[in-house]
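**Q** Please see the structure below; I have some questions.
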Amino acid sequence: MDKTLFNIHDLVLLITSFECMLLAIFLFSNKSRELPFIFLAGFLVAHSFIALHELVLWGATFRQWVLSVSPNIFFTFNFSSWIDGPFLYLFIISYFSSGFRIQKQHFWHLIPAALFLIYMWFAFWQLPIDIKNELIVSHEIAYSGHYVTVDLLNKLQRLSYILLSIYYVRVHTSISFSDWQRDWVTFILYAFGFVLLWEFLLTSLKVYDLAYSINHDWLELIGLTGYYSTFALVNLVLYVMVNAAVNAGGISKPKTIEPINMVVVEKIEQAMQQDKLYLNPVISFERLAEQLDVPVKDLSSAINRHFNINFYEYINGYRIREAKEQLLNPVNSHKTITDIFYQAGFNSKSVYNTLFKKKYNMTPSAYRKKHLSTAK
């Protein structure tokens, strides 16, 4: 990017930054009351700043202009690369989970970003201005061992959030949302994951270059490919959002909402209350539909529309109540907490503890101790 004063690569980064910011403003202004879209807007703003960071650091014209203003501007926008993953993950869990609320533990996601700011302070911002200018002009800091290592950790962090998001969609949304909602989110996640894998390859080669010198033209080519891939991804998101907005605007024919099939609702309640199918730890939506001899579409509609929760929440609600009853039963006093959560149908102790504490504001062991001592 240093060979011309203003080239197509700079233009791609500028357009990427502009489009991300435009989409974020659109989401915030039109979906301002919906928390998931605030997170999505934050993700897009982060990517707008990431593109600006690349433009300022590697674009010759912009680098000189920013140096003339203040070298402290450099790496400021790179802070966003540490928060785009958390924003994306919070968007996914808030979009696909009913009743989501921001809690204190969600702020832990900001710790890596805070550590990055501390690192940049000691590695760059607190240095004398002439040294900072030299580090930028020579690109010495961008290829230094400590910065490349931190950048590699950043790529690993972002990939981790992608994997967490994909896992959440696959596990928690199998029947809660329409195929279109689930498919477009999954596709965007995989596309973004591919872009991040490409960036991870670039950073890994930079780490390799520290020990074994390689041709920097290859690094530049891989980096530029990443710019264009991100540009394509942003435009793909733009297309999906415009398509959704058009369909929601009344161009397509309104669909008639069919009444809830109460026969199916009764079958579901009988399966839970009498047959206690929730005790089966591997019960799935498809298996439940098969056992009840009910079409998948009807079962999905009954759970989501009648009970106003998804399948995962519905099943675990019964399991939590079952676990509570077993904890309160003196006959089970010899049983461990682990025994009880397995008998209640859970196959994950962490999920059991989290849901129980959310429901009763205390851990299962504290709940048992409190109520059994009261009974005595």
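**Q** For region 100-142, which whole percent of the accessible surface, found with a 1.4 angstrom probe, sits on carbon and sulfur atoms?
**A** Using a 1.4 Å probe with all protein chains present, region 100-142 comes out at 70 percent carbon and sulfur.
**Q** Another question about this same structure. For a quick protection proxy, order the peptides 331-341, 301-311 by their average other-Cβ count within 10 Å, most packed first.
**A** Going by the mean number of other Cβ atoms within 10 Å, highest first, we get 301-311, 331-341.
**Q** I'd like the FRET efficiency for residue 270 and residue 329, computed as 1/(1 + (r/R0)^6) with the beta carbon distance as r and R0 of 25 Å, rounded to 0.05.
**A** After rounding, the FRET efficiency stands at 0.55.
**Q** Give me the one-decimal nm value for the distance between modelled label points at residue 191 and residue 371, 7 Å along each residue's Cα-to-Cβ direction.
**A** So the label points at residue 191 and residue 371 sit 4.9 nm apart.
**Q** For residue 347, project a label point 7 Å along Cα to C-beta. Then give me every residue of region 280-300 with its amide nitrogen under 20 Å of that point.
**A** 280-292
**Q** What is the diffusion coefficient of region 1-144 in µm²/s, taking the Kirkwood radius over Cα pairs and the Stokes-Einstein relation at 4 °C with a viscosity of 1.567 mPa s?
**A** 78 µm²/s
**Q** Another question, then. Using alpha-carbon pairs under 8 Å, 6+ residues apart, how would you state the relative contact order of region 36-149 in percent?
**A** 28 percent
**Q** Given the options 200, 92, 102, identify the residue whose Cα lies farthest towards the positive end of the charge dipole of region 69-200 (+1 on Cβ of Lys, Arg; -1 on Cβ of Asp, Glu).
**A** Value: 102.
**Q** What number comes out for accessible area per residue over region 53-140 if the probe is 1.4 Å? Units Å², please.
**A** Per residue, region 53-140 has an accessible area of 49 Å².
**Q** On to the next question. Once you place label points 7 Å from the Cα toward the Cβ at residue 149 and residue 126, how far apart are they in nm?
**A** Placing both labels 7 Å along Cα→Cβ, they lie 1.8 nm apart.
**Q** Of the trypsin sites (Lys or Arg not before Pro) in region 91-133, which ones lie in a loop per DSSP and count no more than 16 other C-beta atoms within 10 Å?
**A** Loop-located and lightly packed - 101.
**Q** Let me ask something else about it. Could you sort 83-91, 65-73 so that the peptide with the highest average Cβ count within 10 Å comes first and the rest follow in order?
**A** Highest to lowest by the protection proxy: 83-91, 65-73.
**Q** Also, I was wondering about something else. Tell me, in nm to one decimal, what length is gained between residue 339 and residue 61 on full extension, where the rule is 0.36 nm per residue of separation less the Cα-Cα distance?
**A** 93.5 nm
The values are calculated or read from the model by the stated rules, or taken from the named source; none is laboratory data. For clarity, every value in this text was computed on a predicted model and none was experimentally measured. Cβ coordinates were reconstructed from backbone atoms using ideal geometry, including for glycine residues, and neighbour counts include every protein chain displayed. In case anyone asks, the SASA skips ligands and DNA or RNA and just uses the protein heavy atoms, side chains included. Shrake-Rupley method; radii C 1.70, N 1.55, O 1.52, S 1.80 Å.
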